[in-house]
1. Could you list all residues from segment 101-112 that are buried (at least 24 other Cβ atoms within 10 Å of the Cβ) and either within 17 Å of S184 (Cα to Cα) or modelled with pLDDT under 95 (or both)?
2. Checking V163 against (1) under 17 Å from the mean Cα position of the chain (by Cα); (2) part of a helix (DSSP H, G or I); (3) farther than 24 Å from S222 by Cβ: exactly one of these is not met. Which one?
3. Restricting to segment 122-142, name every residue that is closer than 17 Å to M42 by Cα, among the charged types (D, E, K, R) and surrounded by 14 or more Cβ atoms within 10 Å (Cβ to Cβ).
4. Return the pair list, or none, for Cβ contacts closer than 8 Å from residues in segment 138-157 that are in contact (Cβ under 8 Å) with a residue 12 or more places away in the chain to residues that are in a loop (DSSP other than H, G, I, E, B) and among the charged types (D, E, K, R), at least 6 apart or on different chains.
5. Suppose we keep only residues that are more than 22 Å from P59 (Cα to Cα) and either without any contact (Cβ under 8 Å) to a residue 24 or more places away in the chain or aromatic (F, W, Y) (or both) within segment 75-100. Which one would you say is least open to solvent (accessible area, probe 1.4 Å)?
6. What number of residues within segment 57-100 satisfy the criterion of being part of a loop (DSSP other than H, G, I, E, B) and not polar (S, T, N, Q)?
7. Those residues that are under 15 Å from K79 (Cα atoms) and more than 12 Å from the chain's Cα centre (by Cα), I need them from segment 178-188; list them, please.
8. Please verify whether R80 is closer than 30 Å to G177 by Cβ, of a type in the set (K, R) and at pLDDT 80 or above, treating the condition exactly as stated.
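The values are calculated or read from the model by the stated rules, or taken from the named source; none is laboratory data. Only a predicted model underlies this, so the values are computations on that prediction, with no experimental measurement involved. All Cβ positions, glycine included, derive from the backbone under ideal geometry; neighbour counts span all protein chains shown. Heads up: the accessible areas ignore ligands, DNA and RNA and are worked out on the full protein's heavy atoms, side chains in. Shrake-Rupley method; radii C 1.70, N 1.55, O 1.52, S 1.80 Å.
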Amino acid sequence: DDLAKDVDWLAVQEAARPVVTVGDLEILLPWHETSSNPEIAMRQLRVEGGAAFGTGEHPTTRLCLGWLRDNTEGCVRDKRVVDFGTGSGVLAIGALLMGAAKATGVDVDPLSVKSARRNARLNGVDDSRLALFCADGSDDDDLPADCDGTVDCVVANILVGPVTQLAPLFARYAKKGSGRVCVSGVLATQVPTVRDAYGEWFDDLSHEEEGGWAVVSGVRNSTPAP
């Protein structure tokens, strides 16, 4: 009994949680140590502890990060990325670690925006590289003013309701003919609904699945968006 009293069980549980990896990207929680190897450290994304969303432990986060990794050369490296529903900022910061020139994070929750800003600073990302906005997408005055038609990649890990409702906005943001969209927070059974919502403005729609969840992606066509 005396031994049990002396054990910090929270610390034991924390230490037992492995580092989440997506390809060569590692997501570190506060109790994980950064590598002393500079090449490895450049691929380590540090975030505060908290809920599974935003720490890489949920399938949708891994699906989105994996998609960004697989499409780095086409729409991330030296490109502009918008992370809508940024939460902890992990997708936006991950895109920057993968070589994005600039990322913009948008979230309806002001606490998420604060968390994203803290995580950006933990990773040495300043405001010139990551712009953050508190908005839900319904009022243009709350949204970044310079996104229309200028974004190479829009990524959103939210829920199927807002994912489908925001399709016209994401179509406005994505560069015609080359901009990409990647949306998740979507159950595999909801993929047809998402494809129907995006099919007017995005071609080559496809999806990947993990654990009953899916990520849907496509390429912006030339159809005007409202």
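1. G105, V106, D107
2. (3)
3. Selection gives R129 alone.
4. G149/K175; G149/K176; T150/K175; V151/K175; D152/K79; D152/K175; C153/K79
5. Selected residue: R77.
6. 12
7. S178, G179, R180
8. Considered against the rule, which asks whether it is closer than 30 Å to G177 by Cβ, of a type in the set (K, R) and at pLDDT 80 or above, R80 comes out as yes.
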